[in-house]
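Engineer: Structure incoming, see below.
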Amino acid sequence: MSHPLFNLSGRTALVTGSSRGLGHGIAEALAQAGARIVLNGIDLERLAQSAESLRGKGHRVDTAPFDVTDDAAVCAAFEQLDSRGIAVDILVNNAGIQLRKLLVDLSVDEWDKVLRTNLTSAFLVGREAARRMIARQSGGKVINIGSLTSEAARATVAPYTAAKGGIKMLTRAMAAEWAQHGIQANAIGPGYMATEMNTALLQNPEFDAWVKARTPARRWGRPDELGGTAIYLASAASDYVNGQILYVDGGMLAVL
Ligand code: GCO
């Protein structure tokens, strides 16, 4: 029996980019804590498989297939949720892509695509969710997914780093405006997690060795290891926490 502070029963959580990876892991954790889940993605087959996987474990799951980078699509998606009677109490802005390339080799389109997917999307989806939370006077939770690169840069991932740095400051801006409405906006900064997005890194012996040597825990993180922090930030246990980013990184950022 979980502590009542961490019980999400009666709450509805929308997790963007949740048909796989960290988003799916976070969605499952919130479901295990009692939340109704709305999964999001643009690959309809993967989204359906992800939903069936969670329903098969007894969780209440809906899907909302929309492009988080498209303002009109985001607005239409929330209008459809409204018409389905689905009120989002918890938003996890997880959707993101990675592009590993030197700055001097990047095209403007490549830069724009990463910034729009990893940062602008959090504004577009966060704005629609917050408009409704404020109108309902029901409060709410916004959890943005940052990164180690919200704090420190690594060569070849400049647009991702700029976007994730922006996520940290957008989180604080959301807190500045929305805390008065009972909406807590915070972020999670994952360390090097063993996800599909990082397959190339996991399979690179030198990079794998660097991560393990540079991380006090001496290992990569598992996608399910963000769940506890997500439950905390989605629950009443964090009602007086605003504008923070919690790093789940095995200690990497804590050491030289
Ligand atoms: C990379 C990785 C990182 C991690 C994560 C670290 O290429 O360095 O993709 O960006 O995925 O963001 O917090």
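Engineer: Starting from the residue with the highest accessible area, list H24, H3 in decreasing order, probe 1.4 Å.
Structural biologist: Accessible-area ranking of H24, H3, largest first: H3, H24.
Engineer: Taking only the alpha-carbon atoms of the range 55-178, what semi-axes of the equivalent ellipsoid follow from 5 times the gyration tensor eigenvalues under a square root, in whole Å, largest first?
Structural biologist: In descending order, the three semi-axes are 29, 16, 14 Å.
Engineer: Shifting gears a bit: Taking the Kirkwood radius as the inverse of the mean 1/r across Cα pairs, report the Rg/Rh of the chain.
Structural biologist: Reported Rg/Rh, Kirkwood definition of Rh: 0.95.
Engineer: Could you give the distance between the Cα centres of the range 196-256 and the range 162-186, to the whole Å?
Structural biologist: 20 Å
Engineer: Might you tell me the accessible area per residue for the range 1-132, computed with a 1.4 Å probe and given in Å²?
Structural biologist: Using a 1.4 Å probe on heavy atoms only, each residue of the range 1-132 averages 47 Å².
Engineer: Still on this structure, please answer the following. Give the relative contact order (percent, whole number) for the range 1-84; include only Cα pairs under 8 Å separated by 6+ residues.
Structural biologist: Once normalised by length, the contact order is 25 percent.
Engineer: Quick one: compute the contact order of the range 102-256, relative version, from alpha carbon pairs under 8 angstrom and 6+ residues apart, as a percent.
Structural biologist: Working: 222 pairs, mean separation 40.6, N = 155.
This gives 26 percent for the range 102-256.
Engineer: Another question about this same structure. Mind giving me the FRET efficiency for A76 and R219? R0 is 45 Å, r the Cβ-Cβ distance, nearest 0.05 is fine.
Structural biologist: Approximately 0.60, to the nearest 0.05.
Engineer: Something else: Which lysines, if any, have their Cα less than 24 Å from the Cα of K113, not counting same-chain residues under 8 positions apart?
Structural biologist: K101, K164, K168
Engineer: Additional query: Ranked by accessible surface with a 1.4 Å probe, highest first, in what order do V125, V255, V248 come? Mind showing how you got there, number by number?
Structural biologist: Numbers: V125 0, V255 55, V248 30 Å².
Solvent-accessible surface, decreasing: V255, V248, V125.
Engineer: Right, here's the next one. Taking amide H positions as placed 1.01 Å from N in the peptide plane, with prolines and chain starts having none, which residues 5 or more places from L246, or on another chain, fall under 5 Å of its amide H?
Structural biologist: HN-HN under 5 Å from L246: A187, I188, G189.
Engineer: In addition: Give the aspartates and glutamates reachable from K57 as a straight Cα distance under 18 Å; neighbours fewer than 8 places away on the same chain don't count.
Structural biologist: Counting by Cα, and skipping residues close in sequence, K57 has these aspartates and glutamates nearby: E28, D224.
Engineer: Here is a further query. With r as the distance between the Cβ atoms of A155 and S9 and R0 = 51 Å, compute the FRET efficiency 1/(1 + (r/R0)^6) and round to 0.05. Kindly include the intermediate steps, with their values, before the conclusion.
Structural biologist: Working: r = 45 Å, r/R0 = 0.89.
The formula returns an efficiency of 0.65 here.
Engineer: Under the definition of Cα pairs under 8 Å and six or more residues apart, what whole-number percent is the relative contact order of the range 105-167?
Structural biologist: With pairs under 8 Å counted, the relative contact order is 42 percent.
Engineer: While we're on this one: Starting from 0.36 nm per residue, how many nanometres of slack lie between I86 and K101 once their C-alpha separation is accounted for?
Structural biologist: 1.4 nm
Engineer: Let me ask something else about it. How would you order 35-42, 62-69, 50-57 from highest to lowest mean count of nearby Cβ atoms within 10 Å?
Structural biologist: With the highest mean Cβ count within 10 Å placed first, the list reads 35-42, 62-69, 50-57.
Engineer: Along the charge dipole of the chain, Cβ charges K/R +1 and D/E -1, which of A155, A122, A230 sits furthest on the positive end?
Structural biologist: A230
Engineer: OK, next. Per residue of the chain, what 222 nm ellipticity follows from adding -39500 (n - 2.57) for every DSSP H run with n ≥ 4, rounded to the nearest 500?
Structural biologist: Value at 222 nm, helices only, nearest 500: -12500 deg cm²/dmol.
Engineer: Heavy atoms only, probe 1.4 Å: what % of the accessible area of the chain goes to carbon and sulfur, would you let me know? Walk me through the numbers on the way to the answer.
Structural biologist: Numbers: 6320 of 11700 Å².
Accessible surface attributable to carbon and sulfur in the chain totals 54 percent.
Engineer: What is the range 66-136 by shape, rounded, prolate or oblate, if you read a ≥ b ≥ c off the alpha carbon gyration tensor as root eigenvalues and call it rounded for a/c under 1.5, prolate for a/b larger than b/c, and oblate otherwise?
Structural biologist: Numbers: a/c = 3.32, a/b = 2.74, b/c = 1.21.
Since a/c reaches 1.5 and a/b is larger than b/c, the shape of the range 66-136 is classed as prolate.
The values are calculated or read from the model by the stated rules, or taken from the named source; none is laboratory data. Everything quoted here is computed from the prediction, not taken from an experiment. We place every Cβ from the backbone using ideal geometry, glycine too, and count neighbours over all the protein chains shown. In case anyone asks, the SASA skips ligands and DNA or RNA and just uses the protein heavy atoms, side chains included. Shrake-Rupley method; radii C 1.70, N 1.55, O 1.52, S 1.80 Å.
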